[in-house]
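Only one structure is covered here, and it is reproduced in the block below.
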Amino acid sequence: MWSASGRRLRASSANPRADQVKPPPFDYAKPASLSEALELLASDDDAKILAGGQSFVPVLNFRLASPSLLIDINGLAELGRISLVDGGLRLGAIVRYRDLEDSELVAAENPLLAHALHHIAHYQIRNRGTVGGSSSHADPSAEFPAVSALCGAEYVLQSIRGSRVLPADEFFLGALTTALEADEILTEIRFPPWPRDRRWAFEEIAPRLGDFAILGAAVLLDPGETRILVFGAGDRASRLPRAEAALRGRTLDKAAILEAAKLASEEIEPQGDIHATAEYRKAMAEVLVERCLERASGVKVVA
Amino acid sequence: MTPRTVKLRVNGEAREGQAEPRLLLADFLRHELHLTGTHVGCEHGVCGACTVIVDGRAMRSCLMFAVQAEGTEITTVEGLGTPENLSPLQDAFHRHHALQCGFCTAGILTTMTALLKEEPDPTPDRVREVLSGNLCRCTGYIPIVDAVLDAAEKIRAAKA
């Protein structure tokens, strides 16, 4: 029998299942400063950074990784800030999705990101998952990396050797692969200023709201430039140069939208998997890009 | 790896236990603190059965290590009510038949308890959105949504 708080009411005995755990063994450190974390990371080739853990703990539970040491950066307040610098939104690496949802600054300075948050995992996952963690995990169908790539965000990487800043398309190298070296920590993500006259749209197909996207698309319409991005269709979220070029210098009317959507579908080379065939993803790319362009421009394509 | 002592507050009481770094919070609660109301389903963050409230926020206890819970305040399903004195949410689940086998229920109760504290008057759509983080394979979600909305109304009325 147990009391409501779990205190054992009868004599304690050794629990036979207590040693049956899923993750492989590792040591654990919780540094008090970024410099301490960087030193620890540099001193051990098999050490790994632990942020929110909403992508990485499943990896450990499946024993797909066996780090010698987990360096928990959840205590580093310096990486938890949301700020506006030179008109651009800056997100510390351990900013949680929940913090973004609660942030009036995010709603005002990047409405696309604020909208996409509702598609990022579930309530309980957003309460702990971080922007830096999911970016470092680099799932090709994740929403935050896709939004950051479309906006042209920059990723700040630090190590004891110094720091460097990479644009999103040089940070994300492929499925679950980033430019992070073994001794580097992703510390900040910097968005460029959001133009006041910008129009945008975001669409995604997923089995349930909050699941990883089977396919997603987003567009930005600025005076003189249209950006189109598809995610979940390849090894990383990518802008579509041919579809974008078809709209350059052109009035965004029904014919232009249909042509760009068709080019988007032709331009991607998706894989088939357990969730959807490659053909389905191509067909849906056309539909989602058309919907995004229609919504962002206000041009009626489907009666 | 050597076990460490983890000190935290669970359901309003100071507790401590031993955990090597790789021990998941869910397993720590169940096997070390013997709070078996927290259920372990998928163990990779998909099903929501292991959800507990950590410092006011609903989180997956299978995606946290016990050592990370040092110094936190945790509420598990055991802390919500007792069989003789159900919480308003538990009482609504009872009246609406919002559970069948009960395996997923602890995680849904903790999730919705946290939600109703943050948002006392959620829309049906908001309840459904939050509930998308919990899988139930037998009852169906309609009575669960009804129970949460009913409980929300009763909690608001009691405070008015």
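Below, the figures for the structure above:
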quantity	calculated
Verdict on A:L60 being within 28 Å of B:R22 (Cβ to Cβ), more than 15 Å from the chain's Cα centre (by Cα) and in a strand (DSSP E or B)	no
Options A:S66, A:S43: the member that is among the hydroxyl-bearing types (S, T, Y) and within 11 Å of chain B (Cβ to nearest Cβ)	A:S66
Filter result for the condition that a residue is at the interface with chain A (Cβ under 8 Å from one of its Cβ atoms) and out of contact with any strand residue (DSSP E or B) (no Cβ under 9 Å at 6 or more places or on another chain), over B:T36, B:T51, B:T76, B:T82	B:T82
Candidate set: the range A:84-117, residues that are in contact (Cβ under 8 Å) with a residue 60 or more places away in the chain and acidic (D, E); chosen: the one surrounded by the fewest Cβ atoms within 10 Å (Cβ to Cβ)	A:D86
Residue match in the range A:32-45 (condition: under 24 Å from the mean Cα position of the chain (by Cα), part of a loop (DSSP other than H, G, I, E, B) and surrounded by 15 or more Cβ atoms within 10 Å (Cβ to Cβ))	no
Filter result for B:C42 (among the hydrophobic types (A, V, I, L, M, F, W, C) and buried (at least 22 other Cβ atoms within 10 Å of the Cβ))	no
Set B:A147, B:A66: member being touching a Phe, Trp or Tyr at 6+ places or on another chain (Cβ under 6 Å), buried (at least 23 other Cβ atoms within 10 Å of the Cβ), over 15 Å from B:N11 (Cα atoms) and assigned by TED's automatic domain parsing to the domain that holds B:L33	B:A66
Selection count where residues are among the charged types (D, E, K, R), surrounded by fewer than 17 Cβ atoms within 10 Å (Cβ to Cβ) and closer than 17 Å to A:E203 by Cα, scope the range A:262-303	3
Residue in the range A:72-88 that is modelled with pLDDT of 95 or more, at the interface with chain B (Cβ under 8 Å from one of its Cβ atoms) and assigned to a loop (DSSP other than H, G, I, E, B) present	yes
Residues being under 25 Å from B:G45 (Cα atoms) and over 18 Å from the mean Cα position of the chain (by Cα) - total across the range B:147-160	0
Single match in B:A58, B:A106, B:A114 (criterion: within 10 Å of chain A (Cβ to nearest Cβ), assigned to a helix (DSSP H, G or I) and within 23 Å of B:R156 (Cα to Cα))	B:A114
Complete set of residues in the range A:167-182 that are free of Cβ contacts under 8 Å to residues at least 24 places away in the same chain and crowded, with 18+ Cβ neighbours inside 10 Å	A:A168
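The values are calculated or read from the model by the stated rules, or taken from the named source; none is laboratory data. Everything numeric here is computed off the predicted structure, so don't read it as measured data. Note that each Cβ is placed from the backbone with ideal geometry, even for glycine, and that neighbours are counted across all protein chains shown.
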